[in-house]
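The values are calculated or read from the model by the stated rules, or taken from the named source; none is laboratory data. Values in this document were obtained by computation on a predicted structure and should not be read as measured data. All Cβ positions, glycine included, derive from the backbone under ideal geometry; neighbour counts span all protein chains shown.
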Amino acid sequence: MEFTYLTQPPKRYTFQQPKLKKWIEKQCRGKTLNLFAGITKLDINEVRVDNDKNAIADYYMDVLEFINFAKEQKMKFNTVILDPPYTFRKSKEKYNGGYIGSFPKLKNALLSILSKEAIIITLGYDTVGMSKSRGFEKKAICIICHNGDHKDTLCLVERRISTLF
């Protein structure tokens, strides 16, 4: 497993951190779905989804609604970036307190729009990810130390190894 450690001051939007942005772009392959996209465009082939009208997005909708739409349109993605608000406080700041719903439900729904060997990049405060139970294998982890009293951000890269789930 690849391990990367970055030091980067925190920013309101995740990909305003240049070292992290570059690391994420390096991990992406092919058509990428960027859920909870925010305001920073990545230098990749991305489809951007966000509920916040201030974000730069191709689709302004709830992520589960988008997944259902993508399934109906027979869209498939090689990479998915999952960068939801990590805490209720962040959700309140960025989405007016909007609740993103059940993260396991979101992960299960994603399976229907992934390519055979898709990559999932999950950002947050844990490394649970998609897990083996959904047919994924951990490939890389990046810890971003924000210094001071800020919690580190953990970025997990997983590759789909089975479509039986």
Next on the checklist: Which of the numbered conditions does Arg48 fail, given that it passes all the others? Conditions: (1) surrounded by 20 or more Cβ atoms within 10 Å (Cβ to Cβ); (2) modelled with pLDDT under 95.
Outcome noted: (2)
Checklist outcome for this item: Of those in region 129-165 that are over 13 Å from the mean Cα position of the chain (by Cα) and aliphatic (A, V, I, L, M), the residue nearest to Phe77 (Cα to Cα) is Ile161
Next on the checklist: Against the condition part of a loop (DSSP other than H, G, I, E, B), buried (at least 21 other Cβ atoms within 10 Å of the Cβ) and not hydrophobic (A, V, I, L, M, F, W, C), how does Gly148 come out, does it pass?
Outcome noted: no
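Quick grid of which residues meet (1) in a loop (DSSP other than H, G, I, E, B); (2) among the small types (Gly, Ala, Ser); (3) surrounded by fewer than 17 Cβ atoms within 10 Å (Cβ to Cβ):
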{"site": "Tyr5", "(1), (2), (3)": "no, no, yes"}
{"site": "Pro9", "(1), (2), (3)": "yes, no, yes"}
{"site": "Lys21", "(1), (2), (3)": "no, no, no"}
{"site": "Lys26", "(1), (2), (3)": "no, no, yes"}
{"site": "Arg29", "(1), (2), (3)": "yes, no, yes"}
{"site": "Asp52", "(1), (2), (3)": "yes, no, yes"}
{"site": "Ile56", "(1), (2), (3)": "yes, no, yes"}
Next on the checklist: When the residues of region 88-108 are narrowed to those that are part of a loop (DSSP other than H, G, I, E, B) and surrounded by 12 or more Cβ atoms within 10 Å (Cβ to Cβ), which ends up modelled with the lowest pLDDT?
Outcome noted: Ile100
